[in-house]
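Everything below concerns the one structure shown next.
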Amino acid sequence: GKKMSKSLGNIISPWEIVDRHGADPLRWLLLTDGSPWINRRVGHGPVEDVVRRFFLTLWNSYYFFVTYARIDGWTPDARPAPPVAERPVMDRWILSELAQLITTVDEGLEAFDATTAGRALEDFVDGLSNWYIRRTRSRFWAAGTSADKDAAFATLHECLVTLSALLAPFTPFVAESLYDNLVCSVDADAPDSVHLLDFPVPDTTADDADLRRAMAAARQVVTLGLRARNEAQIGVRQPLPRALVTLPDTDGWDRVAGVVADELNLKAIELSEGGDTVSYQLKASFRDLGRVFGKQTPDVAAAITSADPDPVVAAVRDGQSVDLVLADGTPVTVDPSMIQVVEESREGWTVATEGGVSVALDLTVDDVLRREGLARELIRTINDQRKQLDLQLSDRIRLELAIDGQLEQAVADHRETICRETLATDITDGAASG
């Protein structure tokens, strides 16, 4: 009896989880956290992680769209969007990802593989929120109407509506809520429920594998660029003059280079071989050398450190063996795993490298770039104050600034941008009023 009582003490009622977190997060955990025959932890902690990682990200994307669609009065029929082929590259990319997602989820469910299908949905929602919306949000709050703005609304609307249909077998309540507001509220002829829809079919005209590969490379470059900025302790609001990027595959780079430059706040971005921004030092991996060369290991290590770095680095990167000559004239062949390549940034540059991709940032900041960075910091400060005052996203402000020196010149140089980004109707000298 005591053993049974102790065992039952670890049991959590499913209704307790449902009451606190909702039924759909529990469903999502059970369906996508692993194969049915694999043991997994089920409790408040894992379900809370699902809510934070997936459901809040999805809901924030939906809330972002609804907020700006209501402010702008946008509906799918009111202002038809340009054809997909004529939309900006970010729109074409996310719609290509959507087409691939539909195929992956359909194939997964057909094979009773809800885990693979669910993880593909999670990856898509993460990309939708943390890449597409973040890179295009300024299009939604731009003043007035335009074809570009309509394209952004139509693209995000299509993604969210399709997501509601793809999620319906997994999370019926969340899917129904999304569909009801996104579709039923604006289209009286639409089916009354997401569960009455046919399963989505991928748009083959939107599917662009080359663009997906190029954008994946762009996101990797951005990650490395942010790492390089962090190592140099230069925030992303400070513009930098240029970056040199080394890629193993440059196909499609011209389609996404502008996105990378905007995200990393760069004035220019160029492809490069990488050798002009870093210097190399060669070091020996003594453990690997010792297994092959035994007593010769110190001599081989000396030959490695004294070798010309550039051809050795090229061979190591290509996975090729390196021919060296020892001090006594003995030729040896060294496996690339026996050589460690240490990169050091040249003065005025910072470099981040991973998996054959390298990003070198030019750290030269002149007065013009410094003033632009100051303007960006001012915009952040003003928008933080807007939040503290609980201003609505559509509220306009009159801005008074008491400033001098470089900041005064920064405002003069970027007055229009500051007004646009803070929704200010005018900027006046606030010194007289304190």
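The values are calculated or read from the model by the stated rules, or taken from the named source; none is laboratory data. For clarity, every value in this text was computed on a predicted model and none was experimentally measured. Quick reminder, even Gly has a Cβ in these numbers, built from the backbone with ideal geometry, and neighbours come from all protein chains shown. Just the protein is used for accessible areas: all its heavy atoms, side chains included, with ligands, DNA and RNA removed. Shrake-Rupley method; radii C 1.70, N 1.55, O 1.52, S 1.80 Å.
Applying 1/(1 + (r/R0)^6) with r as the Cβ-Cβ distance of D189 and S35 and R0 = 35 angstrom yields a FRET efficiency of 0.25.
Set against the 2.2 N^0.38 Å expectation for a compact globular protein, segment 52-103 has a Cα radius of gyration ratio of 1.36. For E400, the residues 5 or more places off, or on other chains, whose built amide H falls under 5 Å of its own are T428. Extension gain for the segment E16 to E122, taken as residue separation times 0.36 nm less the Cα-Cα distance, is 35.6 nm to one decimal.
Here is what passes the span test in the chain: the DSSP H helices with alpha carbon length of 18 Å or more along the helix axis and a Kyte-Doolittle mean of 0.5 or above are 147-167. With a cut-off of 18 Å on the backbone N, the residues of segment 276-312 near the modelled label site 7 Å out from L326 along Cα-Cβ are 284-307.
Report, to one decimal in Å, the Kirkwood hydrodynamic radius for segment 334-427 based on all distinct Cα pairs. Taking every pair of different Cα atoms in segment 334-427, averaging 1/r and inverting gives 16.8 Å.
Per-atom-type breakdown for the chain gives carbon and sulfur 49% of the accessible area (1.4 Å probe, protein chains only). Modelled this way, with points 7 Å down the Cα-to-C-beta line, the labels at D148 and Y63 are 2.8 nm from one another.
So what's the net charge close to M215: Lys and Arg +1, Asp and Glu -1, counting the other residues with Cβ under 9 Å from its Cβ? Could you put the intermediate results ahead of the total?
Details: positive: R212, R213, R219, R255; negative: E97.
Result for the neighbourhood of M215: +3.
In this structure H195 has an accessible area near 90 Å², from a 1.4 Å probe over the protein heavy atoms.
When only Cα pairs under 8 Å and 6 or more residues apart are kept, what is the percent relative contact order across segment 160-275? Walk me through the numbers before you get to the answer.
Details: 112 pairs, mean separation 24.7, N = 116.
About 21 percent, as a whole number.
Where [x] 4, 15, 20, 21, 18, 12, 6, 2, 0; [y] 4, 21, 31, 27, 13, 3, 0; [z] 4, 20, 27, 20, 13, 10, 4, 1, 0 are the candidate values, the label of the one calculated here for P(r) over Cα pairs in 10 Å bins from 0, in percent is [x].
The H on the amide N of I269, modeled in the peptide plane, is under 5 Å from the matching H of A243, each at least 5 residues off or on a different chain.
Once R0 is set to 25 Å, what does the formula 1/(1 + (r/R0)^6) return for the Cβ-Cβ distance between T250 and Q281, expressed as a FRET efficiency to the nearest 0.05? Numbers along the way, then the final one.
Numbers: r = 27 Å, r/R0 = 1.09.
Efficiency at R0 = 25 Å is approximately 0.35.
Solvent exposure of E421, expressed as accessible area, is near 60 Å², computed with a probe of 1.4 Å over the protein chains only.
Please calculate how many Å² of accessible area the chain carries per residue, with a 1.4 Å probe and no DNA, RNA or ligand atoms counted. Could the numbers behind the result be given before it?
Numbers: 23470 Å² over 434 residues.
Computed with neighbouring chains in place, this is 54 Å² per residue.
Shown here is the pair-distance distribution of segment 189-329: with all Cα-Cα distances grouped in 5 Å bins from zero up to the longest one, the shares run 2, 7, 12, 12, 11, 9, 10, 10, 9, 7, 4, 2, 2, 2, 1, 1, 0, 0 percent. Between Q385 and V365, the modelled labels are 2.2 nm apart [label points 7 Å from Cα along Cα→Cβ]. With R₀ fixed at 22 Å, the C-beta to C-beta distance from V292 to E354 puts the FRET efficiency at about 0.20. Other residues whose C-beta falls under 10 angstrom from the C-beta of Q238 contribute a net charge of +2, scoring Lys and Arg +1 and Asp and Glu -1. For segment 114-146, the residues whose amide N sits under 18 Å from a probe point set 7 Å from the Cα of E86 along the beta carbon direction are 145-146.
Counting Lys +1, Arg +1, Asp -1, Glu -1, what net charge surrounds L393 among other residues with beta carbon under 12 Å of its beta carbon? Before the final figure, lay out each step's value.
Working: positive: R70, R137, R386, K387, R396; negative: D72, D390, D395.
Local net charge: +2.
Karplus-based coupling profile of segment 334-339, in residue order and whole Hz: 10, 5, x, 5, 8, 10, with θ = phi - 60° in 6.51 cos²θ - 1.76 cosθ + 1.60 and x standing for Gly or Pro. Distance between the pseudo-spin-label points of E408 and F199 (7 Å out from Cα toward the beta carbon): 6.8 nm.
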